[in-house]
Amino acid sequence: MLVSLSIKNFILIDSLNLDFNQGLCVLSGETGAGKSIILDALGLALGRRANAKLIKSEGSNAVISAAFNIEQFPHIKEYLVSQGFEPAETLILRRVLEQSGKTKCYVNDILSSVAALEAIGELLVEISSQHDQKGLFNTSHHRLILDEFSGNYRELEALGSAYKLWKENEHKLNEIIGNKSKAEDERNYLTHIIQEISELNPKVGEEEYLSTLRNSLREKAKIQDISNLVLNEANSGSGIVAKLNNLIKALTKVPNLFKEAEKSFEIGLIEINEGISQVEKVYGTIASEKFNLNSVEERLFNLKNIARKYGVDPNSLEEFLILTKEKLDRVSNYDKFYQEFKADTEKSKLAYFKIAEQVSIIRKQNAIILEKAVKVELEQLKMGYADFMIESVTANENEWAAHGIDKVRFLARTNPGSEFGYINKIASGGELSRLFLSLRVALAKVKSSPSIIFDEIDVGVGGAVADSIGKKLKFLSGEHQVLVITHQPQVAAYSDNHYLVSKNIINNKANVDVKELTYEEKLHEIARMLSGEDVTRESVIAAETLIKKAK
């Protein structure tokens, strides 16, 4: 709950320190006294929008600090820990507005962000006014209210997980569908490559071999002449081979002395015969009808052309063909992947829908209970003629979300026999306030905000209606700390703590001050609220009667 609020150099406030207690805290004062400034300051500490115009005087920064006791609120402690803050019984939110327009935010003296203040502030305080009743005006908030009343947290957690899985599978499936036409095109393209290269049937290193062969074929006559010369000289009766054989035979006649020499000549003979074989091979190739210069050049052209077409080295065409076949195998599995992810998506969608149906049933059951509870409260707030209904319908599939398949709306009618409509469209200011209060009281046991602030929720009502509002606020303060800005003496009479907001003019400068009232001061203030500026004995007696009745 809010335990203290410190305001410095803010709008019409020089310096102000307020302490708050549990129960019903009332702030009253004449119109224009500055009651809303207190809420504006608290709103800044809770992360609301700010600007330099809110600073009272030049040369100094505006500083607002709000301290909260969170000892009895473990969910708030858990959230703070999850955000990296140290757990503590007291939580202090501080906002500094600089003359430059810059703002600094602190959580327990740790520099933070406006977003962090806002997120924490939403857990600490719920601020409601006739023009800021988010729960009633914002239809997207209606489902949140119903879920909080239903207490279906476990089901919602399971639903969120199921939705996430469904959407992940659906995303993968859509990617595959999006790539399906591309995959078909790629499959056709790869098939064409394989067919084209396979028809050519390239071999590893073939281009290099053919280039050498082409050069040889271009000098075919010269090569043939040289080959004939070498072969004739080597193989004739007086050639080198015959001469070496004769030398070796001669050396064998004295084996002991010429053994090494004989061996060397034999090696030489082997090398010479190898050379002769190479020459014969070249000569045979050149002389063969299988190869001619035109066919070799045509083959080289085809190899280089197709290699250039697909951006590979001509000598690597065979390897490229193998890799392309492997890629085609992978691409051909797109159909298999599509079927797998289609089945997974349908399965996860069905699982999500089953949980969503369970959540819908829980919502509809609790909607009936909440409707009845709100109607009871409306009756007690002198609005028995009004009716309240929670509409829950299945949304279109494209609107299904992590929170389910339901569209939830709070509807009301304030005239019997009329059509149900949006609350802010069919209710007057006073009726709107009571509708909101009825809903808030019905949710008293489940709503987790430690503090609730009502800004002039009783505008447009008076007498018995104002008294009934006071009773409900008092009841609500048994579950939450309730702060109320009011002009109604019937409401103020129910306060546990009463604060008077006043504006003082000193040296032609206005300054807002707030004072916590004693019982006698409270009695006098309620009498003023009853009779106006001139407090009479009768108004004091009436004020005392109101206070006694409220106890």
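Bear in mind these aren't lab numbers, they're just calculated from the coordinates by the rules spelled out. It should be emphasised that the depicted structure is a prediction, and the values quoted were computed from it without experimental measurement. Cβ: placed from backbone, ideal geometry, glycine included. Neighbour counts: every protein chain shown.
To check you understand DSSP bridge types, tell me what percent of the beta bridges within the chain (both residues inside) are antiparallel, rounded to 5.
Of those bridges, close to 75 percent are antiparallel.
Rounded to a whole number of µm²/s, how large is the Stokes-Einstein D of segment 1-96 at 10 °C and 1.306 mPa s, given Rh as the Kirkwood radius over C-alpha pairs?
108 µm²/s
Checking a compactness column here: for segment 246-327, what do you get for Rg(Cα) / (2.2 N^0.38 Å), N being the number of residues?
Working: Rg = 24.4 Å, N = 82, 2.2 N^0.38 = 11.7 Å.
Normalised Cα radius of gyration, segment 246-327: 2.08.
For I110 and E326 in the same chain, what is the full-extension length gain: residue separation times 0.36 nm, less their Cα-Cα distance, in nm?
Values: separation 216, 0.36 × 216 = 77.76 nm, distance 5.86 nm.
Contour length minus Cα-Cα distance gives 71.9 nm.
At 222 nm, what helix-only mean residue ellipticity would the chain give, in deg cm²/dmol to the nearest 500, using -39500 (n - 2.57) for each DSSP H run of four or more?
Only helices count here, giving -19000 deg cm²/dmol.
Taking the beta-carbon count within 10 Å as an exposure proxy, list T545, T345 from fewest neighbours to most.
T545, T345
Once you keep just the Cα pairs under 8 angstrom separated by 6 or more residues, what percentage relative contact order results for the chain?
22 percent
With a/c under 1.5 counting as rounded, go ahead and sort segment 200-256 into rounded, prolate or oblate using the C-alpha gyration tensor (a ≥ b ≥ c being the square roots of the eigenvalues; past the cut-off, prolate if a/b is larger than b/c, else oblate).
Oblate is the answer for segment 200-256, as a/c is 1.5 or above yet b/c matches or exceeds a/b.
Using 0.36 nm times the number of residues separating T518 and F475, minus their current alpha carbon distance, what extension gain do you get? Working shown, then result.
Details: separation 43, 0.36 × 43 = 15.48 nm, distance 2.24 nm.
Additional length available on full extension: 13.2 nm.
Measure up K56/K515; K372/K425; K182/K349; K445/K471; K180/K407 against 25 Å on the Cα-Cα distance and list the ones that go over.
Listed pairs above 25 Å: K182/K349; K180/K407.
List K354, K104, K35 from most exposed to least, where exposure is judged by having the fewest other Cβ atoms within 10 Å.
The fewest-first ordering by Cβ neighbours comes to K354, K104, K35.
Once you place label points 7 Å from the Cα toward the Cβ at A510 and M389, how far apart are they in nm?
Result for the modelled spin labels: 4.6 nm.
If you take the C-alpha gyration tensor of the chain, multiply each eigenvalue by 5 and take the square root, what semi-axes do you get, largest first, in whole Å?
Equivalent-ellipsoid dimensions as semi-axes: 99, 31, 20 Å.
What list do you get for R413, R434 if you sort them by fewest beta carbons within 10 Å?
R413, R434
Looking at the square roots a ≥ b ≥ c of the eigenvalues of the Cα gyration tensor of segment 151-270, which shape do they give, rounded for a/c under 1.5, prolate if a/b is larger than b/c, or oblate?
It is oblate, given that a/c is not under 1.5 and a/b is not larger than b/c.
For the chain, find the longest principal axis of its Cα atoms and tell me its angle to the long axis of helix 206-218, 0 to 90°, nearest 10.
On a 0 to 90 degree scale, this one is about 40.
FRET efficiency for A464 and Q365, Cβ-Cβ distance as r, R0 = 35 Å, nearest 0.05?
0.50
Report, in degrees rounded to the nearest 10, the 0 to 90 angle that the Cα long axis of helix 537-550 makes with the longest principal axis of the chain.
Long axis of 537-550 versus the principal axis of the chain: about 50 degrees.
Work out the FRET efficiency for E319 and I177 from their Cβ-Cβ distance, taking R0 = 35 Å, and round it to the nearest 0.05.
0.55
Which distance in Å, rounded to a whole number, links the C-alpha centroids of segment 172-243 and segment 490-551?
If you average the Cα positions of each part, the centres end up 107 Å apart.
Run down the lysines and flag those whose C-alpha is under 21 Å from the C-alpha of K347, throwing out any fewer than 8 positions away in its chain.
Of all the lysines, those that pass the test against K347 - Cα under 21 Å, at least 8 places apart if same chain - are K164, K167, K172, K336.
Using the alpha carbons of segment 348-480, what is the convex hull volume per residue in cubic angstrom, as a whole number?
Residue-normalised Cα hull volume stands at 127 Å³.
If I take all pairs of Cα atoms in segment 454-551, what percentage of them are more than 17 Å from each other? If you can, show how the numbers build up before the last one.
Details: 2487 of 4753 pairs.
Here the long-distance tail beyond 17 Å is 52 percent of all Cα pairs in segment 454-551.
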